[in-house]
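Here's the structure we're looking at; comments come further down.
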Amino acid sequence: CFSGDHLKVCSQGYTCCSQEMEEKYSQQSKHDFRNAVVDLSNHLQTTFSSRYKKFDEFFKELLENAEKSLNDMFVRTYGRLYMQNSELFKDLFVELKRYYVGGNVNLEEMLNDFWARLLERMFRLVNPQYHFTDEYLECVSKYTEQLKPFGDVPRKLKLQVTRAFVAARTFAQGLAVARDVVSKVSAVNPTPQGTRALLKMMYCPHCRGLLSVKPCYNYCFNVMRGCLANQGDLDAEWNIFMDSMLLVAERLEGPFNIEAVMDPIDVKISDAIMNMQENSMQVSQKVFQGCGQPKTLAQGRAARSLSDGGFNSRFKLYNPEEQPTTAAGTSLDRLVTDVKEKLKQSKKFWSSLPGNICNDEKMSVGTVNENECWNGSAKSRYDFAVTGNGLASQVNNPEVEVDITKPDMVIRRQIMALRVMTNKLKNAYSGNDVDFIDIS
C-alpha cells in the first residue's frame with residue numbers, strides 16, 4: 001500500500017487503491033445501487049403486472065361467458081325468433097366489451113338504446129296483424145320510459161351494469177398505472193454527488209484494507225435517503241392511491257360486483273321479455289293512443305306473418321341450469337382478496353426503500369457493534385442523525401449533497417399520474433363514470 005494523493009474521493013492517506021481502481025469502484029458502486037433498487041422494485045412491479053393480467057383476463061372471459069350463456073339459453077327458449085333478432089343482443093355485448101377495453105361508450109345511452117330497439121322488435125312480434133313503418137316504430141320507442149313495458153328490469157340493470165363496469169374498468173386501469181409507475185421510477189441514475197457518496201460508503205474501506213468492515217446502519221440510511229430523495233416524495237401520493245384502490249376493491253366485493261351482475265344477465269333480460277309479453281295488450285293500447293292506429297295487413301300476409309314468428313305460443317319458462325364455469329378459473333372474490341393483501345403490503349414502499357436497501361443481504365450493513373462499522377472515514381461509530389425522507393429533508397443530509405431546488409421531472413410526472421388515477425378511483429367508488437385515458 002502507498003500514499004493516496006492521487007485519489008479523488010477516498011481518503012488520501014495510506015491506501016491500497018490506484019486511481020483506476022477508484023474509478024472502477026465508483027462504477028461498481030453505481031451498478032450495485034441501481035441493482036439494489038431494481039431488485040426490490042421488481043417484485044412490486046411483477047405483483048401489479050400479474051394482477052392486472054389476471055383481472056383483465058377475468059373480466060374479458062366473464063363477458064364472453066355471459067354472452068355465450070345468453071345465446072344458449074335464448075336459442076333453447078325462443079328458437080328462431082331469437083335467431084332472427086340475435087344481432088340486437090350481439091351488439092349489446094360488443095358495446096360492453098368496447099367500454100371495458102377503454103372505448104368511448106356512454107353506458108347509460110347504450111343500454112337505453114338496447115331497450116328501445118328491443119321494444120320495437122317485440123312490438124312488431126306481439127302485433128303481427130299490423131304493418132308498422134319505421135316512423136311508427138320510432139314513435140313506439142319513445143314510450144320505453146313512460147310505459148315501462150319491461151317492468152323494472154331496465155332501470156335496475158342500468159344502475160348495476162354502470163356501477164360494476166366503471167369499478168371493474170377503473171380498478172384494472174389502476175393496477176396497470178401502479179405497474180407503470182414502479183417501472184419508471186425504479187430506473188434510478190445517481191447524481192455525481194450521489195455516486196461519490198455511494199463509492200465512499202461501499203468501496204473506500206476496501207482501499208484502506210478494511211475488506212470485511214460494513215457501513216454503519218445510520219450512515220447507509222443517510223446515503224440512501226440522499227440518493228433516493230425524489231423517490232421519497234412519491235410516498236404520500238402513492239399511499240393515497242393504494243387506499244383508493246382498496247376502497248374500490250371493497251366495492252368490487254360488494255354492491256359493484258361485476259360477476260354478480262353479468263352471470264344472471266340472461267335471466268334478467270328474459271324476465272323483461274316475459275314482462276313485455278304479459279302486458280302486451282295494455283302496452284299496445286297505450287301506444288296506439290299515442291302514435292295512432294296502425295294499418296292492418298291484408299288477411300293472407302297477416303297469417304303468413306304469424307307463422308313467420310309472431311308470438312303464437314307462450315315463452316317456455318327458463319330453468320337456469322348450472323352456471324357456466326367461472327371466468328378465468330377463479331372468482332372475483334378470490335382475485336380481490338388476493339390483490340387487497342398485495343395493496344396493503346405495497347403501502348409506504350417508497351419511504352421504506354432506503355432502509356430496505358440497507359437491510360439487504362448484499363449490503364449486509366449494520367454490524368452488531370456500532371463502534372466496529374465504517375462511518376465514511378474510519379472504523380468507528382457514526383455520530384450524525386438520520387435525515388428525513390424526500391427532497392426537502394435533504395438540506396441537512398451530511399453525506400449527500402442534494403440540490404433541493406431541482407426535483408426529478410420523471411418522478412413529478414408519476415406523482416401527477418397517481419393523482420389523476422386516484423381521482424378516477426374516487427369517482428368509481430361513488431359509482432360515477434370517469435373519463436378513461438387509454439393506458440397503452
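The values are calculated or read from the model by the stated rules, or taken from the named source; none is laboratory data. This structure is a prediction, so every number in the text was calculated from the model and none was measured. Note that we place each Cβ from the backbone using ideal geometry, even for glycine, and neighbour counts take in every protein chain shown. These accessible areas exclude ligands, DNA and RNA; they are computed on the full protein's heavy atoms, side chains included. Shrake-Rupley method; radii C 1.70, N 1.55, O 1.52, S 1.80 Å.
Table for the structure above
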item: 107, 297, ranked by accessible area, largest first (probe 1.4 Å); result: 297, 107
item: Given 344/424; 200/347; 60/90; 148/286; 158/424; 340/424, the pairs whose alpha carbons are separated by over 22 Å; result: 200/347
item: Nearest-10 value in Å² for the accessible area of residue 86, using the 1.4 Å probe; result: 40 Å²
item: Accessible-area ranking of 163, 208, 225, 80, largest first, probe 1.4 Å; result: 80, 208, 163, 225
item: For the chain: span of alpha carbons on each principal axis (Å, largest first); result: 116, 41, 33
item: Spatially proximal aspartates and glutamates relative to residue 24 (Cα-Cα < 17 Å; intrachain offsets below 8 disregarded); result: 32
item: Dipole in debye (nearest 20) - the chain, about Cα centre, beta carbon charges: Lys, Arg +1; Asp, Glu -1; result: 420 debye
item: Under 11 Å, Cβ to Cβ, from residue 143 - net charge with Lys/Arg +1 and Asp/Glu -1; result: 0
item: Charge dipole (the chain, unit charges on Cβ, about Cα centre) - positive-most of 216, 190, 371; result: 190
item: Cα-projected label distance for residue 106 with residue 152, points at 7 Å along beta-carbon direction, nm; result: 2.7 nm
item: For the chain, accessible area per residue (1.4 Å probe, heavy atoms of protein chains only), Å²; result: 49 Å²
item: Ordering of 350-358, 166-174 by burial proxy (mean other Cβ atoms within 10 Å per residue, highest first); result: 166-174, 350-358
item: Dipole-positive endmost among 52, 103, 75 within the stretch 40-113 (Cβ charges, Cα centre); result: 52
item: Listed residues 246, 291, 112: farthest to the positive end of the dipole of the chain (Cβ charges); result: 291
item: Estimated inter-spin distance, residue 94 and residue 16, nm [label 7 Å along Cα→Cβ]; result: 7.5 nm
item: Span from the the stretch 252-296 Cα centroid across to the the stretch 100-157 one, whole angstrom; result: 8 Å
item: Cβ charges +1 (Lys, Arg) and -1 (Asp, Glu), total dipole of the stretch 118-216, debye; result: 960 debye
item: Structure-based [θ]222 nm, the chain - -39500 (n - 2.57) summed over DSSP H runs of at least 4, per residue, nearest 500; result: -21500 deg cm²/dmol
item: Part-to-part distance (alpha-carbon centres) for the stretch 199-215 and the stretch 375-399, which is given in Å; result: 17 Å
